[in-house]
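Heads up, the thing below is written out as structure tokens.
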Amino acid sequence: MKFIPTTFATLLFITTAVLAQTPAPATKPAVPAVKLPPQPPDVAAPKLGPDGKPNAGFIAAHERFVAIAKEGKAELVFLGDSITAGWGSKKEIWDKAFGAYKPANFGIGGDRTQHVLWRITNGELDGIKPKAVVLMIGTNNSGTDSAEGIAKGVTLIVETIRAKQPQAKILLLAVFPRGEKAAPNPGREKLKQVNAIIAKLDDGKNIHFLDIGDKFLQPDGSLTKEIMPDFLHLSPAGYQIWADAISPKLAELMK
């Protein structure tokens, strides 16, 4: 039998013919885009998913926190976003610094002021009588809201905590610095403005403002990956700095 060499053109023809007869993979219909309604930083609102409905993870975490509050055991509550939620993976530091206070961590990643406000008006401070509440929130608002708007949101959260838990001392933390360099850094500058406004909430009795931001910074004002790997979220070393920085004041408030 005579061997007939296969040319590149012949292979290309055969491959094209086979592909033409292969049915295209089924594709899911595209989900229609939903335009999410605006959420002012000082109006309580749940976190929404891309479909415009309350985010399932947010609601699940909120329900867990409501259940913890109903147990009535926690004497110290941390409220905030992913930076606060990050304590959950730093158990050794958390337990050593705060374990004696029967603490509860009510931090949810991605939360903004309006989301924390919604959470505490929907059960997270019910059935519980903490001696102190540590609040740090606002960094996730910095990309969309004005400094004044963010400060209004923080102020309303503080007022709501006071109304629901009048016996609790509030340790209001300045929003932590973000971004590697000190300047130019519009986001960090905006948060400095927020901190300057909410610092005035300190009454020396029930509300205590504390700015520990400089403790995370280098002498030139920059952040390092050793402290904040993504220049926003803390490393274990960063959480140790946080614990050390607030422990003296917290010990005073928890008496």
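The values are calculated or read from the model by the stated rules, or taken from the named source; none is laboratory data. A quick note: this is a predicted structure, and the numbers were derived from the prediction, not measured. FYI the Cβ positions are ideal-geometry reconstructions off the backbone, even for glycines, and counts take in every protein chain you see. Note: accessible area is taken over every heavy atom of the protein model, side chains too, but ligands, DNA and RNA are not part of it. Shrake-Rupley method; radii C 1.70, N 1.55, O 1.52, S 1.80 Å.
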Practice task
Kindly express, to the nearest 10 degrees and within the range 0 to 90, the angle between helix 236-253's C-alpha long axis and the longest C-alpha principal axis of the chain.
Solution key: 20
Handout entry: Cut-off 11 Å (backbone N to label point 7 Å along Cα→Cβ of Ala60), residues of segment 97-113
Key = none
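Placing +1 at every Lys and Arg Cβ and -1 at every Asp and Glu Cβ, with all other atoms neutral, what dipole size does the chain have around its Cα centre, in debye to the nearest 20? All intermediate terms of the calculation are to be shown ahead of the outcome.
On the way: 31 positive and 25 negative charges, 90 e Å.
Result for the chain is approximately 440 debye, rounded to the nearest 20.
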Fill in the blank from the handout: Once the dipole of the chain is set up from charges on Cβ (+1 Lys and Arg, -1 Asp and Glu), the residue from the list Ser89, Gly221, Ala147 lying farthest towards its positive end is Ser89
Fill in the blank from the handout: When the charge dipole of the chain is computed with +1 at the Cβ of Lys and Arg and -1 at the Cβ of Asp and Glu, the Cα pointing farthest to the positive end, of Asn105, Val194, Asn122, is that of Asn122
Exercise for the section: Quick one: angle between helix 186-198 and the longest Cα principal axis of the chain, in degrees between 0 and 90, rounded to 10, please. Expected result: 30
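Using +1 on the beta carbon of Lys and Arg, -1 on that of Asp and Glu, and nothing else charged, what's the dipole of segment 144-224 about the Cα centre, debye to 20? Provide the component values of the computation, followed by the final result.
Working: 12 positive and 10 negative charges, 46 e Å.
Dipole about the Cα centre, nearest 20: 220 debye.
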Problem - Residue pairs, from the table Lys169/Lys190; Lys35/Lys181; Lys47/Lys152, whose Cα atoms sit over 30 Å apart - result: Lys35/Lys181
Practice task
Express in Å², to the nearest 10, the accessible area of Glu226 obtained by rolling a 1.4 Å probe over the protein heavy atoms while all chains stay in place.
Solution key: 130
Completion exercise
Longest principal axis of the chain (C-alpha) makes with the long axis of helix 56-71 (C-alpha) an angle, in degrees to the nearest 10, of 30
Exercise for the section: Starting from the Cα of Lys215, step 7 Å toward the Cβ, then list every residue of segment 94-112 with an amide N under 20 Å from that point. Expected result: 94-107
Practice task
Classify segment 144-255 as rounded, prolate or oblate, taking a ≥ b ≥ c as the square roots of the eigenvalues of its Cα gyration tensor: rounded when a/c is under 1.5, otherwise prolate if a/b is larger than b/c and oblate if not.
Solution key: oblate
Handout entry: Label point distance in nm, Lys53-Glu252, each placed 7 Å from Cα along Cα→Cβ
Key = 4.9
Practice task
Per DSSP H run of n ≥ 4, the term is -39500 (n - 2.57); total these for the chain, divide by its residue number, and report the mean residue ellipticity at 222 nm rounded to 500 deg cm²/dmol.
Solution key: -12000 deg cm²/dmol
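Applying 1/(1 + (r/R0)^6) with R0 = 25 Å to the Cβ-Cβ distance of Val43 and Ala67, what FRET efficiency is obtained, to the nearest 0.05? Intermediate results must be reported in sequence, preceding the final value.
Numbers: r = 26 Å, r/R0 = 1.03.
Once the sixth-power term is evaluated, E becomes 0.45.
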Practice task
Could you pull the Cα extents of segment 29-86 along its three principal axes, largest to smallest, in whole Å?
Solution key: 47, 27, 21
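In the chain, what is the volume of the convex hull around the alpha carbon atoms, normalised per residue and reported in Å³? Before the final figure, lay out the partial values.
Values: hull volume 59.7 nm³, N = 255.
Value for the chain: 234 Å³ per residue.
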